[in-house]
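First comes the structure, then the notes that go with it.
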Amino acid sequence: MATLTSPLSGAKRIVIKIGSSLLVDPENGELKNDWLKALVSDIARLKARGQEVVIVSSGAIALGRRVLNFKPATLKLEEDQAAASVGQVHLAHAYQEALGREEIIAAQILVTLGDTEERRRYLNARNTIATLLRLGAVPVINENDTVATSEIRVGDNDRLAARVASMISADCLILLSNVAGLYTSSPETNEEAEIVTQITQITPEIEAMVSGNISAMGRGGMGTKLAAARIAMGSGIHMAVADGREANPLQAIEQGGICTWFVPTATPVAARKKWIAATLEPRGRMKIDAGAAKALNSGKSLLPAGIVSVEGKFDRGDTVSIISPQGVELARGLSAYDECNAQLIIGHKSSDIEAILGYRGRTEMIHRDDLVLMKGQVT
Ligand code: GLU
C-alpha cells in the first residue's frame, strides 16, 4: 500500500545508512564519487527544507583493503581493523568533499557499542550529535572498527544505524543498500517474489521471508536489517529498506518508489516515554514543590528551583521518581545530573548552576522530552 506522504518527507530528524556496496565499486575497490555526489544533492534538498540529516556510512574496510592491496574475504580481525583505519580517512575525506560542494559541513563520529549502551557515553554522544545538527552540520558516523574487537562490536552498520537513530530520537531511518526491499521469497529463485511495501509488525511469517543472505562487501544481510527494524519500531521510528543503486535514491523514495517501510505504532517521544514509565526500579526520588507540580502538569520541564529534596544513588541519565507535595509519584524522568550534583543545585535558579558546579550544565534537572507523567500510565 503506498502512503500518500512518505514518512521521509515529514520527518524532522533522519538517519541515512549507506552500505559499502553502494559507495565502493566491487570491481576495483574505488570510491563511487558520482554516486556520492548525487546522494549528497538529495541530502542537500532535505536540509534546505529544514530537515536534520545524519549519515551512517560503511565502506572503510572495503576502501582500506584496496589501498593496502589486501585480497578479499580472508582477512584476520587485525587486518580488517588496519583496513578500517586506512579506509576511514578516505571515507571521511570523500564526505567532506561531497558535502562541502553543497556548502554543508561534514563531521565525523566513530562510535563503539558502548557509546550506544553505557549511559554516560550515550548522553555525551547524543549531545554532541544534537549540537552538530543545531549548527547545521551533517554527522557522518561509522563504527570505530579499529578498536572494537568482535565481542564488543556491533559488527554491521544496519543495527548501528538503528541504535544511533534511537539514541538521537530520529523519526526516520533509511537503509540504502543493493536490495530493493524485503521480498516475500528469494527473487533469484522465485519469479513470483514480491516486495512487501509495508510492515507494521514483525511476525514469524516476516521472519521466515528473511533468508540471511549476506552481501559480498558489507556485513549486513536481510537478517541485520530486520534486527534494525526491531530496534527502530520499538523506538517509534519509521524505517525503510530501499535500493540505493540508482542516482538520487532519497528522491525516489519520496516519490513513492518501491521499498519496504517498517511502520511503528508509537511516535519516538511516546515510545521513549513508555520506556521511561516502565522502568522497574527508579534509582532516586525527587520531591518537588507545588509550583513545580503545576509546571509539570502543564507539560513543562523540571527545573532545579522547584525541587525540595533528592534521595537515592543515581547517575546522569538514570530514571528517577518525581514526588508531589502530597507524597504521590507524579512523574518519572531521566535526570540530567547525578545525585551529588543534583543535591547541590536543588532550590537554586538555573542561572546559578555554573557558579555552583563550576561548569555550565543543563538548565533543566529533567527535560520535558525525558519526563513522563504517571497518571493513567499502564506500566
Ligand atoms: N563499519 C564497516 C566499514 O566501514 C562496515 C560494516 C557494514 O558493512 O555494515 O567498513
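The values are calculated or read from the model by the stated rules, or taken from the named source; none is laboratory data. Computed from a prediction, not measured in an experiment: that's the story for all the values here. Note that each Cβ is placed from the backbone with ideal geometry, even for glycine, and that neighbours are counted across all protein chains shown. With ligands, DNA and RNA removed, areas are computed over all heavy atoms of the protein, side chains included. Shrake-Rupley method; radii C 1.70, N 1.55, O 1.52, S 1.80 Å.
Numbers at a glance
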| quantity | calculated |
| --- | --- |
| Leading residue by the ranking (farthest from the ligand (Cβ to nearest atom)) among those in the stretch 169-178 that are farther than 21 Å from residue 203 by Cα and out of contact with any Pro (no Cβ under 9 Å at 6 or more places or on another chain) | 178 |
| Residue match in the stretch 131-141 (condition: aliphatic (A, V, I, L, M), in a helix (DSSP H, G or I) and open to solvent by less than 30 Å² (accessible area, probe 1.4 Å)) | yes |
| Positions within the stretch 43-79 being touching a Leu at 6+ places or on another chain (Cβ under 9 Å), among the hydrophobic types (A, V, I, L, M, F, W, C) and more than 16 Å from the ligand (Cβ to nearest atom), in sequence order | 43, 44, 46, 53 |
| Residue match in the stretch 199-218 (condition: modelled with pLDDT of 90 or more and touching a Ser or Thr at 6+ places or on another chain (Cβ under 8 Å)) | yes |
| Residue in the stretch 348-362 that is touching a strand residue (DSSP E or B) at 6+ places or on another chain (Cβ under 9 Å), at pLDDT 95 or above and open to solvent by 10 Å² or more (accessible area, probe 1.4 Å) present | no |
| Residue among 309, 335, 298 that alone is under 30 Å from residue 172 (Cα atoms), small (Gly, Ala, Ser) and surrounded by fewer than 21 Cβ atoms within 10 Å (Cβ to Cβ) | 298 |
| Looking only at the stretch 152-168, and only at residues there that are open to solvent by less than 20 Å² (accessible area, probe 1.4 Å) and more than 13 Å from the ligand (Cβ to nearest atom), the one that is modelled with the highest pLDDT | 165 |
| Residue match in the stretch 95-114 (condition: more than 27 Å from residue 50 (Cβ to Cβ), open to solvent by 30 Å² or more (accessible area, probe 1.4 Å) and touching a strand residue (DSSP E or B) at 6+ places or on another chain (Cβ under 7 Å)) | yes |
| Condition met for residue 37 (touching a Leu at 6+ places or on another chain (Cβ under 8 Å), open to solvent by 50 Å² or more (accessible area, probe 1.4 Å) and away from the ligand (no atom under 12 Å from the Cβ)) | no |
| Residue among 83, 92 that is within 16 Å of the ligand (Cβ to nearest atom) and crowded, with 23+ Cβ neighbours inside 10 Å | 83 |
| Any strands (runs of 3 or more DSSP E) falling wholly within the stretch 1-111 and containing at least 2 residues that are under 26 Å from residue 167 (Cβ atoms), under 20 Å from the mean Cα position of the chain (by Cα) and touching a residue at least 40 places away in the same chain (Cβ under 8 Å) | 13-18, 52-57 |
